[in-house]
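The values are calculated or read from the model by the stated rules, or taken from the named source; none is laboratory data. In this text, all values refer to a predicted model and were calculated from it rather than measured experimentally. Ideal geometry is used to build each Cβ from the backbone, glycine not excepted, and the neighbour counts take in all protein chains shown.
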Amino acid sequence: MTTRTTKRSPGEPTWMDLTTPDLAVAREFYRQIFGWNYIDTGPDFGHYHMAMKDGHNAAGMGPLQPEAQMPSAWTIYFSTDDAAADAARVKALGGQIVVDTMPIGDSGKMVICADPTGAVFGLWEAQNHIGAGIDGEHGGMAWWEVNTWDSAAACDFYGKLFNLTSQKMEGMDFFFLQRGEQMVCGVLQMDANWEGMPPHWMGYFAVDNIETALTRVTDAGGKISVPAFDIPYGRMAVIADPGGAHISFVQLKAA
């Protein structure tokens, strides 16, 4: 198992969490898929739940407030050493602040942003909560990419914000954002096949067997949005959970 006990470098994806209209249904759905169990952080934190895999933080989830004018969705957070300073840089680079710098107890500080193309993402300044403690294993984070109508603007924004360079994938309108040789995340240029879809970040969770995982999705009340298909790094699919939030699964090739 790939585990982590120290915080990630600035600009690396560090956490994913779900806002959902029915927390009990979401807990059971992802428990059946990933084998997660949960820690309820209590009423002071809105009953935000830590999803645990083999004793390690894998992701978070919390209830979508009835008055919230937003759909159920997964949010991806990038590590920062200074949330307030990076929030200011987001604005200077043409992005927007959706939720300004907010302390979350002694866990850390959070900011919710939107890039210049409209995709929403988070910043996380870690204190006691370093982010996910499991990577690339069944039920753990595995990859992140922004789907956008303006890949050039997205590459420029995230490159400047996180000190990343872009590298186009051969044969596709897809760009890897890199720090040196490290692939940090991706940018996908949406086309006519995405008509009506707003720009958004998509996170991936690793699964041991994608066909088994998709069977569990439908058995547990979810939907398969994009059936499994091969990619250079393994095999992936996109699903919608019972609350309507979309997330991708990837069965990574053996190293």
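Quick notes on this one:
- Applying the criterion of being more than 21 Å from the chain's Cα centre (by Cα) and not aliphatic (A, V, I, L, M) to the residues of the range 192-215, the residue that is nearest to G122 (Cα to Cα) is G196.
- Count of the range 235-255 residues which are crowded, with 18+ Cβ neighbours inside 10 Å, outside any loop (DSSP other than H, G, I, E, B) and not aliphatic (A, V, I, L, M): 4
- Applying the criterion of at least 3 residues that are in contact (Cβ under 8 Å) with a residue 12 or more places away in the chain and surrounded by 15 or more Cβ atoms within 10 Å (Cβ to Cβ) to the strands (runs of 3 or more DSSP E) found wholly in the range 1-91 leaves 13-20, 49-53, 56-63, 73-79.
- Residues that are surrounded by fewer than 22 Cβ atoms within 10 Å (Cβ to Cβ) and among the small types (G, A, S), drawn from the range 100-113: G105, S107
- Residue among E181, E211 that alone is more than 13 Å from A237 (Cα to Cα) and surrounded by fewer than 21 Cβ atoms within 10 Å (Cβ to Cβ): E181
- Residue within the range 191-200 that is assigned to a loop (DSSP other than H, G, I, E, B), assigned by TED's automatic domain parsing to the domain that holds E170 and within 22 Å of E170 (Cα to Cα) present: yes
- In the range 114-149, of all residues being charged (D, E, K, R) and touching a residue at least 60 places away in the same chain (Cβ under 8 Å), the one that is surrounded by the most Cβ atoms within 10 Å (Cβ to Cβ) corresponds to D115.
- Selection count, the range 153-204, where residues are touching a strand residue (DSSP E or B) at 6+ places or on another chain (Cβ under 6 Å) and of a type in the set (A, V, I, L, M, F, W, C): 15
- Residue match in the range 154-175 (condition: in contact with a Phe, Trp or Tyr (Cβ under 6 Å, 6 or more places away or on another chain) and closer than 19 Å to I134 by Cβ): no
- The range 92-113, residues that are within 24 Å of G159 (Cα to Cα) and in contact (Cβ under 8 Å) with a residue 40 or more places away in the chain: L93, G94, G95
- Within the range 150-171, residues that are free of Cβ contacts under 8 Å to residues at least 40 places away in the same chain reach partners that are assigned to a helix (DSSP H, G or I) and surrounded by 14 or more Cβ atoms within 10 Å (Cβ to Cβ) with beta carbons closer than 7 Å, at six or more positions or on different chains, in the pairs T165/G159; S166/C155; S166/G159.
- For L252, the requirement of being under 27 Å from A85 (Cβ atoms) and either among the aliphatic types (A, V, I, L, M) or free of Cβ contacts under 8 Å to residues at least 60 places away in the same chain (or both) is not met.
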